Amino acid sequence: LQLKTGDLDPRLFSRLRHLQKLDLSDNLLDKFPSSLTLPDLRVLNCNNNKLEDVTALKQFPLLEELTYENNVYLTLNDDYKVMFLLQNLRLLNGKDITKLANHVRCVNSRKLTSKVTAHWKKFFSDQLPEKYTAEQVKSIKKKFLKSVQTNVVYGPSSLSEFTRWRVKMIAEEFLAHSLGLELNSDTEPEEKTDENEEESTESPREAAEDVAQVVHVYDPLVTVTPSKRKRNHSKSSPGNKRSKTQANTEEEAAEDVSAEPLHFLQCHSKGNSREDFKTQLWSCVFEPVLDSGARKDPIVSSSRTVATCGGESVCLIDCETGTVLKKYKVATEEFFSVAWTTLTMVISDSRKKAHNILAAAGRRGIVKLIHVAADFCYGEIKAHKKPIATVCFSPTQETHLFTASYDKRIALWDIGIPDCDYNFKASQLLVLETASIPLRIALVPTCPEQYLLAGCEDGCFAWNIKLDKGQKSRPFEAIFQFPGQESMTTSHRVDGLAFLNDDVVASPFLSSHISKSSKPGCIYLWSWSKSFDAKGKGCQRTMSAVILAELEWSTTDMSYLTLSTCPAKEYVFCGDEKGSVWMYNLSNYTTAWGSPKGKRSERRISPTQILKWPELRVNGEQPPEILVNNVVADPAFTYLVVLTSVNITAIWKKS
């Protein structure tokens, strides 16, 4: 009937005192009025609407059966909310939830109440004087509610929004009843956040049942090698399944980042086969936290959900629990790259809401666009006729996507913003011509709308990508010459590319860029601003890369072992051919490099630490030779995700 929320007139519905069954499916409802007053309602069908919130359903206390499938903005968090709010609910979306609901109402509530009470006693109980004013009460309430929602954690990250909702409710009840503080009369309205958009609509356990095999650590030999120190294996018994890395010397203990192997997952298997140790895993990227703009969520600072790709599938993994939250498959595809963007979409009544969109691409040259919260691949872009090596979104233009292909072209696309029916229009804005296959791309942080860097099979190139220039197809503007290249006739593969410094804010640090060179055992650090002559005229100019330092690295001659950075912590990460992760903390060097008279570091910089691959047993046997294809840290450097050549995703946690 195309009914909207305003069409549900409380004056009419309040007269239906004995109504037991109500079908509102296939309409345009975005919420329920809070005063429908249906005291005897037992069955409610809200399928195929646009509901965004379920808390108003608490006005139907006798509700036993509820369905709201195909409401794309409702998530697992909303399922848990209705299970808590509706004490008589037995069936939710056709499933018997009696046992789970009892757990939510009793066990979950008991655990959270205990944590909230302990948090008050430990941090706040002595802050309230014996005689207090209304202002003091208001102040301590505000501080306590923010602190308790930030620090009380329970259950998987897929339920973090529900947990914060319950923690706030429990904390307010605690203040009101245990301490006799009635605080709800003049509180500030709760700011709604979008954190609940990121997770699956089925339980994490169900989502992971047939997609992930956990590969257990057997007698882990996890070693950390600080710079210039002999390797030293940590001592651990076969029964110890997790082993914290050990610092080798007290002298360098301050530099060490103690990390422990948390999970080893086999979740990209072809046909879900447990025997698949051949599928290569290529790319991973952490999901951005929503509300990162002016309304930044004060509770969540960094995501623990990571998207990984390899073989025929893309997975979303909760790094803390090791749960595979979602899995997306295309039987004829081999995915090479994934990237996130946050689109501001119109949902209803011209209101806008931020949603995370995942782009995935690979061998078929097609970009898949996935609305993760809705479990829906809403479109695809046939970007290239040959495989796509890598993709990345512009940090300043949310709809601008770069795709780098084996057809020796880098294309810039405007993917558009889907409407409420997921109609969208994609258009090609630019084509950058390359002399060889582009392997890695990166936008220059200080001018992401003007310059793009690409590491290619025969060197590192830069393009002017400013859209006010009329030329749609462009040759490269500069090629960078590295040490060891006597002339540009000697090819120099650059298969790793990442910015160490984030120049979003003006600072004394220059925008230094890192590339893994073809020279064995070396990673070059060089300066973009000192190397690139923006005032020069003409295209295809040769420029010498101004080297700031060399990082000591593995002597392997293996290609395509991608490096990455954690700009906020000034770390560089790179894997090797033995399953190890080389970590470099460069915070002591960047200031000197960034100064106008900054000089090159004379000596090679050794790794701060090397995380050694633990000894694993899979079905009683060790996996074959393990190459680390990629290693990525979350922005806060809490988790380190390692992708391998043997279909194993390793997750380390900084302790």
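The values are calculated or read from the model by the stated rules, or taken from the named source; none is laboratory data. What you are looking at is a predicted structure, and each value in this text was computed from that prediction instead of being measured. Using ideal geometry, Cβ is built from the backbone for each residue, glycine included, and neighbour counts are taken over all protein chains shown. With ligands, DNA and RNA removed, areas are computed over all heavy atoms of the protein, side chains included. Shrake-Rupley method; radii C 1.70, N 1.55, O 1.52, S 1.80 Å.
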Out of the residues in segment 5-39 that are in contact with a strand residue (DSSP E or B) (Cβ under 8 Å, 6 or more places away or on another chain) and outside any loop (DSSP other than H, G, I, E, B), state the one that is farthest from Lys50 (Cα to Cα).
Lys21
Residue that is farthest from Thr5 (Cα to Cα) [pool: residues in segment 30-41 that are under 38 Å from the mean Cα position of the chain (by Cα) and open to solvent by 50 Å² or more (accessible area, probe 1.4 Å)]:
Ser34
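Take segment 136-150 and flag every residue that is within 15 Å of Lys115 (Cβ to Cβ) and not β-branched (Val, Ile, Thr).
Initial filter on segment 136-150 (within 15 Å of Lys115 (Cβ to Cβ)): 144-145, 147-150.
Matches in segment 136-150: Phe144, Leu145, Ser147, Gln149.
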Could you count how many residues in segment 40-87 are among the aliphatic types (A, V, I, L, M) and not in a loop (DSSP other than H, G, I, E, B)?
9
Does Arg164 qualify as being within 29 Å of Glu320 (Cβ to Cβ), open to solvent by 40 Å² or more (accessible area, probe 1.4 Å), under 32 Å from the mean Cα position of the chain (by Cα) and assigned by the TED database to the domain that holds Glu65?
no
Taking segment 106-157, which residues are open to solvent by less than 70 Å² (accessible area, probe 1.4 Å), over 30 Å from Ala373 (Cα atoms) and hydroxyl-bearing (Ser, Thr, Tyr)?
Thr117, Ser125, Ser139
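Being hydrophobic (A, V, I, L, M, F, W, C), within 17 Å of Phe84 (Cα to Cα) and in the same structural domain as Val82 (by the TED database) is the requirement here; does Leu24 meet it?
Criteria not met by Leu24.
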Do you know which residues across segment 42-56 are out of contact with any strand residue (DSSP E or B) (no Cβ under 6 Å at 6 or more places or on another chain), crowded, with 19+ Cβ neighbours inside 10 Å and free of Cβ contacts under 8 Å to residues at least 40 places away in the same chain?
Cys46, Asn49, Leu51, Val54
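Residues checked against (1) without any contact (Cβ under 8 Å) to a residue 24 or more places away in the chain; (2) in contact with a His (Cβ under 9 Å, 6 or more places away or on another chain); (3) crowded, with 16+ Cβ neighbours inside 10 Å:
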{"site": "Ser350", "(1), (2), (3)": "yes, no, no"}
{"site": "Ala354", "(1), (2), (3)": "no, no, yes"}
{"site": "Ala360", "(1), (2), (3)": "no, no, yes"}
{"site": "Lys368", "(1), (2), (3)": "no, no, yes"}
{"site": "Pro395", "(1), (2), (3)": "no, no, no"}
{"site": "Pro438", "(1), (2), (3)": "no, no, yes"}
{"site": "Ala454", "(1), (2), (3)": "no, no, yes"}
{"site": "Trp463", "(1), (2), (3)": "no, no, yes"}
If you take the residues in segment 67-95 that are of a type in the set (A, V, I, L, M) and under 32 Å from the mean Cα position of the chain (by Cα), which one is surrounded by the fewest Cβ atoms within 10 Å (Cβ to Cβ)?
Leu85
Does Asp495 satisfy the condition of being open to solvent by 40 Å² or more (accessible area, probe 1.4 Å), at pLDDT 80 or above and assigned to a loop (DSSP other than H, G, I, E, B)?
no
Search segment 88-109 for residues that are closer than 16 Å to Leu159 by Cβ and assigned by the TED database to the domain that holds Leu57 and pair each with any residue that is open to solvent by less than 10 Å² (accessible area, probe 1.4 Å) and in a strand (DSSP E or B) when their beta-carbon atoms are under 6 Å apart and the residues are at least 6 apart or on different chains.
Leu92/Leu66
Can you name the number of the only condition in (1) assigned to a loop (DSSP other than H, G, I, E, B); (2) farther than 19 Å from Val494 by Cβ; (3) polar (S, T, N, Q) that Thr591 fails?
(1)
Return a yes/no flag: does segment 604-623 have any residue that is modelled with pLDDT under 90, touching a Phe, Trp or Tyr at 6+ places or on another chain (Cβ under 6 Å), in a loop (DSSP other than H, G, I, E, B) and not charged (D, E, K, R).
yes
Quick check on Leu586: is it assigned by the TED database to the domain that holds Glu320, more than 19 Å from Glu260 (Cβ to Cβ) and modelled with pLDDT under 90?
yes
Taking segment 414-445 and keeping only residues that are closer than 29 Å to Lys352 by Cα and either in contact with a Pro (Cβ under 6 Å, 6 or more places away or on another chain) or not hydrophobic (A, V, I, L, M, F, W, C) (or both), one is left with Asp414, Gly416, Pro418, Asp419, Asp421, Tyr422, Asn423, Phe424, Lys425, Ser427, Gln428, Pro445
Of the conditions (1) at pLDDT 85 or above; (2) polar (S, T, N, Q); (3) part of a loop (DSSP other than H, G, I, E, B); (4) surrounded by 13 or more Cβ atoms within 10 Å (Cβ to Cβ), Ser564 satisfies every one except a single condition; which number is it?
(3)
Go over the candidates Val431, Val444 one by one and state the one that is among the β-branched types (Val, Ile, Thr), under 32 Å from the mean Cα position of the chain (by Cα) and surrounded by fewer than 17 Cβ atoms within 10 Å (Cβ to Cβ).
Val431
